[in-house]
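To keep things clear, I will list the structure first and then write my remarks on it.
The values are calculated or read from the model by the stated rules, or taken from the named source; none is laboratory data. Keep in mind it's a predicted model, so treat the numbers as computed, not measured. All Cβ positions, even for glycine, are placed from backbone atoms using ideal geometry, and neighbour counts span all protein chains on display. SASA here: full protein model, heavy atoms, side chains in, ligands and nucleic acids out. Shrake-Rupley method; radii C 1.70, N 1.55, O 1.52, S 1.80 Å.
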Amino acid sequence: MREEVSQFIQRAELPFDKDDVLETALTHSSWAYEHAPERRADNERLEFLGDAVLQLSVSTALFSLSPSMAEGRMSKMRSLLVCEETLANLARKLDLGAVLLLGHGEEITGGREKDSNLANAMEAVMGALYLEKGFDLASAWVLRELQPYLELVLHGQLRYDYKSALLEFAQTLSTRPQVRFEIVREEGPVHDRIFTTEVKFDDRPLGRGSGRSKKEAEQKASRFVLEQLSGTMES
């Protein structure tokens, strides 16, 4: 077993006895393609299985929380808990990116930090755990790791679309400012570009955010502005 995989098992408190299925869960399709003679499977099939484990685990937890919770509310909560952003954040907490097997092209384009790669691998790990230990143990691990996010979603504090939230907030103000997002800086090589976006209410700059895509930069800038405005209103 790779030393870094052993360390990942320890910090994630994963009850794996064998490493072969876990190594498959950590194998991106780009690595499998480049190492075709080794006949190593990628993690896409385990991702499919892990998604089912995740969906059922979260659905059961939400269903059990309150007999009166409406189906629509449960569906909205579940979508936030199983979405790419939540899974990628969980993967980062566990430093899963450090143990991924990536092809050369994926490596040099920042594949270890891509939300999609992290979220997919996180689901694959869940699928691998289900295969080795069964649903009950896999579900218990999933819900333990998602507990902080479950608490946030129950209190309406788990949010990812900060841009939409900022636009909605602006419409509640008496001045109804025009919200504008401007790219003020682009840095780095083409394959690893960093964008910086500035948010303005009318012509007044309120904050900036940076990311590997224009969308990510807008979201981070919007989050910064919302947090700043929230602090202003509370003080």
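Spot the failing condition for Pro148; the list is (1) open to solvent by 60 Å² or more (accessible area, probe 1.4 Å); (2) over 19 Å from Lys76 (Cα atoms), and only one is missed.
Status for Pro148: all satisfied but (2).
Counting only residues that are open to solvent by less than 50 Å² (accessible area, probe 1.4 Å) and in contact with a helix residue (DSSP H, G or I) (Cβ under 6 Å, 6 or more places away or on another chain), which one in the stretch 1-14 is farthest from Leu137 (Cα to Cα)?
From the stretch 1-14, those open to solvent by less than 50 Å² (accessible area, probe 1.4 Å) are 5-6, 8-9, 12, 14; that's our starting set.
With the extra rule that they be in contact with a helix residue (DSSP H, G or I) (Cβ under 6 Å, 6 or more places away or on another chain), the set shrinks to 5, 8.
Details: Val5: 20, Phe8: 18 Å.
Among those that are open to solvent by less than 50 Å² (accessible area, probe 1.4 Å) and in contact with a helix residue (DSSP H, G or I) (Cβ under 6 Å, 6 or more places away or on another chain), it is Val5.
Quick check, is Ala70 closer than 26 Å to Arg11 by Cα, open to solvent by 50 Å² or more (accessible area, probe 1.4 Å), free of Cβ contacts under 8 Å to residues at least 12 places away in the same chain and of a type in the set (A, V, I, L, M)?
Working: closer than 26 Å to Arg11 by Cα: no; open to solvent by 50 Å² or more (accessible area, probe 1.4 Å): yes; free of Cβ contacts under 8 Å to residues at least 12 places away in the same chain: yes; of a type in the set (A, V, I, L, M): yes.
Taking the combined requirement at face value, the residue does not satisfy it.
Restricting to the stretch 97-143, count the residues that are in a helix (DSSP H, G or I), of a type in the set (S, T, N, Q) and surrounded by fewer than 22 Cβ atoms within 10 Å (Cβ to Cβ).
From the stretch 97-143, those in a helix (DSSP H, G or I) are 97-99, 104-108, 111-113, 115-133, 135-143; that's our starting set.
Retained after the next criterion (residues that are of a type in the set (S, T, N, Q)): 116-117, 120, 139.
The next check asks that each one be surrounded by fewer than 22 Cβ atoms within 10 Å (Cβ to Cβ); those that pass are 116, 139.
Total satisfying the criteria: 2.
Restricting the search to the stretch 173-198, which residues are hydroxyl-bearing (Ser, Thr, Tyr) and open to solvent by 100 Å² or more (accessible area, probe 1.4 Å)?
Of the stretch 173-198, the ones hydroxyl-bearing (Ser, Thr, Tyr) are 174-175, 196-197.
Ser174, Thr175 - these are the residues of the stretch 173-198 that are hydroxyl-bearing (Ser, Thr, Tyr) and open to solvent by 100 Å² or more (accessible area, probe 1.4 Å).
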